[in-house]
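Student: The structure follows.
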Amino acid sequence: MCYGKALTKSEDELKEQLNNHYGINFAVPSGYKPYYHLNGFTHGTIYIIPMDDPEHICAASWGMIPDWAAHDPETFWRKSNTLNARSETIFEKPTFKNSADDKRCLILADGFYEPHHENGVALPYFCYQPSKTYPKGDLFMFAGLYNKLDTELYTATILTTEANPFFAEVHNKKKRMPLVLADDLFEDWLDAGLNSQTLLELMDFGFTSKAFKAHPVSRDLYKKGIDTNQPYITEAVDKGTLF
């Protein structure tokens with residue numbers, strides 16, 4: 001599961017990386033603001049590259065709203081958790097199956113948070129790809145699904161899959177991980193010509209081969225009334241095991 005994420009790059013850093021390599025730029029106006037910790041249950045703004053506009057980074061609310069709930073998103077969010085979708089069942093679940101066919105997206109991130117359990121206590125861990133260029137880690141992309149509530153407002157969910165050996169140690173209770181796509185599969189994921197069987201295979205084998213690291217962070221992450229969208233929340237604390 002992935003209920004907390006980070007995107008610490010500046011708008012200029014994202015433009016430089018994505019425009020130079022993929023010809024992708026921000027939709028205008030972008031209103032982009034980086035963050036160190038976004039709690040998914042606030043349904044805050046994440047940034048996606050959608051199939052219907054693959055040359056632009058677009059803002060989306062975290063927590064996908066299906067068409068049949070578009071008339072009352074707040075009630076749907078109170079009753080349903082669509083921050084994540086299990087990749088194995090997206091073509092079966094009514095909430096996700098329409099988007100699985102033709103509303104797939106890439107979701108920008110440079111870190112995310114997972115619970116690691118020790119002696120019955122959940123310890124938050126920050127997961128990231130080490131970088132020689134960026135102190136907080138490299139940019140990567142989650143595989144995601146999206147829907148629109150109207151012509152402007154995107155809503156999106158992050159796909160998860162069975163944890164690999166590294167993330168099975170980090171997320172050692174549920175043993176799931178968000179699907180971080182390999183760079184060379186970005187275009188495939190947004191390809192409208194792929195059928196469901198090909199997409200299931202892509203999700204099975206498409207996790208990036210780039211190494212991740214993870215370290216424990218402050219348990220403020222799990223406390224109410226504390227602003228955890230601060231640089232300190234990504235920093236390692238002397239607690240638990242380093243991976």
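Student: I'd like the GluC sites (Glu not before Pro) in segment 181-243 restricted to DSSP loop residues with at most 14 other Cβ atoms within 10 Å, sorted by number.
Tutor: Qualifying residues, ordered by number: GLU235.
Student: OK, next. Can you list the aspartates and glutamates whose alpha carbon sits under 15 Å from that of LYS33, skipping same-chain ones fewer than 8 residues off?
Tutor: By straight Cα distance, LYS33 reaches GLU11, ASP12, GLU13, ASP110.
Student: Distance from the Cα centre of segment 1-63 to that of segment 203-243, in angstrom?
Tutor: 19 Å
Student: If you line up the long axis of helix 196-205 against the longest principal axis of the chain, both from Cα atoms, how many degrees apart are they, to the nearest 10?
Tutor: The two axes meet at around 20 degrees.
Student: Gaussian network model of the chain, Cα springs within a sub-10 Å range: biggest mean-square fluctuation belongs to which of SER218, SER131, SER30?
Tutor: Most flexible of the set in this elastic network: SER131.
Student: What does the net charge come to around LEU108 if you take all other residues with beta carbon closer than 15 Å to its beta carbon, with K and R at +1 and D and E at -1?
Tutor: On the way: positive: LYS5, LYS9, LYS15, LYS33, ARG104, LYS136; negative: GLU11, ASP12, GLU13, GLU16, ASP53, GLU55, ASP110, ASP138, ASP183.
Taking every Cβ under 15 Å from that of LEU108, the sum is -3.
Student: What whole-number value in cubic angstrom gives the convex hull volume per residue for the C-alpha atoms of segment 1-105? Could you put the intermediate results ahead of the total?
Tutor: Working: hull volume 12.6 nm³, N = 105.
Normalising the Cα hull of segment 1-105 by residue number yields 120 Å³.
Student: Of the GluC sites (Glu not before Pro) in segment 65-118, which ones lie in a loop per DSSP and count no more than 15 other C-beta atoms within 10 Å?
Tutor: Numbers: sites: GLU74, GLU88, GLU92, GLU118; in loops: GLU92.
In loop regions of segment 65-118 (DSSP not H, G, I, E or B), the sparsely surrounded GluC sites (Glu not before Pro) are GLU92.
Student: Mind checking segment 119-179 for GluC sites (Glu not before Pro) that DSSP puts in a loop (not H, G, I, E or B) and that have at most 10 other Cβ atoms within 10 Å?
Tutor: Working: sites: GLU152, GLU162, GLU169; in loops: GLU152.
Sparse-neighbourhood loop GluC sites (Glu not before Pro): GLU152.
Student: Mind telling me which of LYS173, LYS213, LYS136 comes out most flexible in a GNM of the chain, alpha-carbon contacts under 10 Å?
Tutor: Between LYS173, LYS213, LYS136, it is LYS173 that shows the largest mean-square fluctuation.
Student: If the elastic network links every pair of Cα atoms under 10 Å, which of ILE107, ILE46, ILE24 fluctuates the most in the Gaussian network model of the chain?
Tutor: For the chain, modelled as a Gaussian network with Cα springs under 10 Å, the answer is ILE24.
Student: Scale the Cα Rg of segment 4-234 by the rule-of-thumb value 2.2 N^0.38 Å and send over the ratio, two decimals.
Tutor: Numbers: Rg = 16.8 Å, N = 231, 2.2 N^0.38 = 17.4 Å.
The value comes to 0.96.
Laboratory data are not the source of any read-out in this text; all were calculated from the coordinates shown. A quick note: this is a predicted structure, and the numbers were derived from the prediction, not measured. Cβ coordinates were reconstructed from backbone atoms using ideal geometry, including for glycine residues, and neighbour counts include every protein chain displayed.
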